[in-house]
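First up is the structure itself, then whatever we jot down about it.
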Amino acid sequence: LAGSVLCQACYSRFMQRGTLERSDRNKPLVGSERRCTYGGCEHPSESRHFYRIDGDKTAGGRDWSGLAGSVLCHTCYMRFKKRGTLERSDRNKPQVSRAQARDAREGAGAGKRKRG
């Protein structure tokens, strides 16, 4: 490489890895692989990006070894990266208003006669 001119990306790659070869790690997934493998995913095939998880991943300071070999959609990937779990939180579930709860209670008691 003596006398060669490298762009910043190639220079950084050479300094970090000692080679200009790209890794297959970031290779885009083919069509059949573009599906989130997490069973609880609400939209497993509708994502702008899919991530192949290997056991060496350390993003977000999380232990990804339990997900090694999985493919995650962007939403599931970011949820695990931020929270360390793939489970959705309860705050994302629709809330029942007080009026709806009251109507449901009254509707359940509609068949009962009032004592008076």
The correct count of residues that are in a helix (DSSP H, G or I) and under 21 Å from Val30 (Cβ atoms) in the stretch 71-81 is 4
Of (1) surrounded by fewer than 10 Cβ atoms within 10 Å (Cβ to Cβ); (2) in a helix (DSSP H, G or I), Gly3 satisfies every one except (2)
Filter the stretch 30-44 for residues that are within 13 Å of Gly69 (Cα to Cα) and among the hydroxyl-bearing types (Ser, Thr, Tyr); the one that is surrounded by the fewest Cβ atoms within 10 Å (Cβ to Cβ) is Thr37
Within the stretch 29-70, restricting to residues that are at pLDDT 85 or above, assigned to a loop (DSSP other than H, G, I, E, B) and hydroxyl-bearing (Ser, Thr, Tyr), the one that is nearest to Glu87 (Cα to Cα) is Tyr38
Of the residues in the stretch 45-80, those that are touching a helix residue (DSSP H, G or I) at 6+ places or on another chain (Cβ under 8 Å) and open to solvent by 70 Å² or more (accessible area, probe 1.4 Å) number 4
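The values are calculated or read from the model by the stated rules, or taken from the named source; none is laboratory data. Remember, it's a predicted structure, so these values are computed and weren't measured experimentally. Cβ atoms come from the backbone with ideal geometry, glycine included; neighbour counts cover every protein chain shown. Just so you know, the surface numbers come from the protein's heavy atoms only, side chains and all, with ligands and any DNA or RNA stripped out. Shrake-Rupley method; radii C 1.70, N 1.55, O 1.52, S 1.80 Å.
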